[in-house]
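Worksheet: the structure to be examined is printed underneath.
The values are calculated or read from the model by the stated rules, or taken from the named source; none is laboratory data. This structure is a prediction, so every number in the text was calculated from the model and none was measured. A quick note on method: Cβ atoms are made from the backbone with ideal geometry, for glycine too, and the neighbour counts reach across all protein chains shown. Ligands, DNA and RNA are excluded from the accessible area calculation, which covers all protein heavy atoms including side chains. Shrake-Rupley method; radii C 1.70, N 1.55, O 1.52, S 1.80 Å.
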Amino acid sequence: QVQLVESGGGLVQAGGSLRLSCAASGSIFSINYMGWYRQAPGKQRELVARITSGGVTNYADSVKGRFTISRDNAKNTLYLQMNSLKPEDTAVYYCNAFRLSGTSWGQGTQVTVSS
């Protein structure tokens, strides 16, 4: 089992920045990759960014050049630096960890971008 706890969400004006954190615990040695997803009201959950155990990253087209995913292995923490935020980035952001034995999700953190 892997436990994930997100933090760092909040209310920010358009053009502003936020950094999300996701603290992982449990069987973290078996994680293949971790990612950030988001879900806006009335919409499906979508991938925002993902990073493999080897450090390879990929991003949704809508956030490329604005968001950066990273991790601190010593702290067992995943980050999402979000710059140049737009109102359409408003959503609940979820941390995700994929292992061959299953997928874990955090409880989510709300990000609201005002225009």
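Worth pointing out:
- Annotation for segment 73-88 versus segment 47-66: alpha-carbon center distance of 11 Å.
- Packing-based ranking of 63-74, 90-101, 15-26 yields 90-101, 15-26, 63-74, ordered from highest to lowest mean Cβ neighbour count within 10 Å.
- Accessible surface area normalised per residue over segment 1-82 is 55 Å², counting heavy atoms of protein chains with a 1.4 Å rolling probe.
- Pairs of C-alpha atoms in the chain farther apart than 23 Å represent 22 percent of all such pairs.
- Label zone at Gln107 (point 7 Å along Cα-to-Cβ), backbone N below 12 Å, segment 1-32: 4-7
- Fully extended contour minus Cα-Cα distance, from Arg19 to Ala40, at 0.36 nm per residue: 5.7 nm
- Estimated at 0.36 nm per residue, the fully extended path between Glu88 and Ser114 surpasses their Cα-Cα distance by 8.4 nm.
- Given charges at beta-carbon only (K, R positive; D, E negative), |dipole| of segment 44-115 in Debye: 180 debye
- Atom-type composition of the exposed protein surface of the chain places 49 percent of the accessible area on carbon and sulfur (1.4 angstrom probe).
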